[in-house]
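Take a look at the structure set out below.
All of the numbers you see were taken from the coordinates with simple rules; none came from a lab. Worth saying up front: this structure is predicted, and the values here are computed from it rather than measured. Heads up, the Cβs are rebuilt from the backbone with ideal geometry, glycines too, and the neighbour counts pull from every protein chain shown.
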Amino acid sequence: MKYKIGLGVVLIFAITQLFVAEKTPFIEPSENDFIAIEQPEEKVELMLKTICYDCHSNQIDYPWYTDIAVVSWWTQDHINEGREHLNFSEWGNYSGEKKEHKAEEAWEEIEEGEMPLESYTLIHRDADLSDEERELLVEYFKGIEGKY
């Protein structure tokens, strides 16, 4: 009986692998990219790329585990939702008012500990912000908000 259950689980897992989520192709940054426009200091740029760009840009670096069906669905959903809220690759296409609003949302989410997502930092330990890094990003986005 245990053998049949185990075989059934393996079979279900194998079948789900036929339905891995389609990955968004990596698109090189353009002149519309946030970093190209805002030109943050190097430390902030590195933090943005490490912490934000995997879900909030067109420069997605998919890790190996996104080749597993269930994980791929969950990850792609996070990416789609993240870009729906803010896509750093499209920053130049936003109006000044929208940039101001997105910058405000960014610092609020970071300050409140909502971003980066805990589920992301569990796997991507380098994206887990220290208090100092969190404060730096909050102040940075407040400055961006004030520009627009």
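Observations, loosely collected:
- Structure-derived semi-axes √(5λ) of the Cα gyration tensor in Å: which label, when the choices are [x] 39, 16, 12; [y] 35, 17, 12; [z] 23, 17, 14: [y]
- Centroid-to-centroid, using Cα positions, the stretch 31-72 and the stretch 97-148 are 13 Å apart.
- For the chain, calculated [θ]222 nm from helices alone, where every DSSP H run of n ≥ 4 adds -39500 (n - 2.57): -17000 deg cm²/dmol
- Contour excess over end-to-end distance, with Cα ends at Glu97 and Ile37 and 0.36 nm allotted per residue: 20.0 nm
- Straight-distance candidates among the lysines for linking to Lys147, with alpha-carbon spacing under 27 Å and chain neighbours fewer than 8 residues away dropped: Lys43, Lys49, Lys98, Lys99, Lys102.
- Nitroxide proxy distance, nm - points 7 Å out along Cα→Cβ at Glu114 and Asn80: 2.1
- Relative contact order of the chain, pairs being alpha-carbon contacts under 8 Å that are 6 or more residues apart, as %: 26
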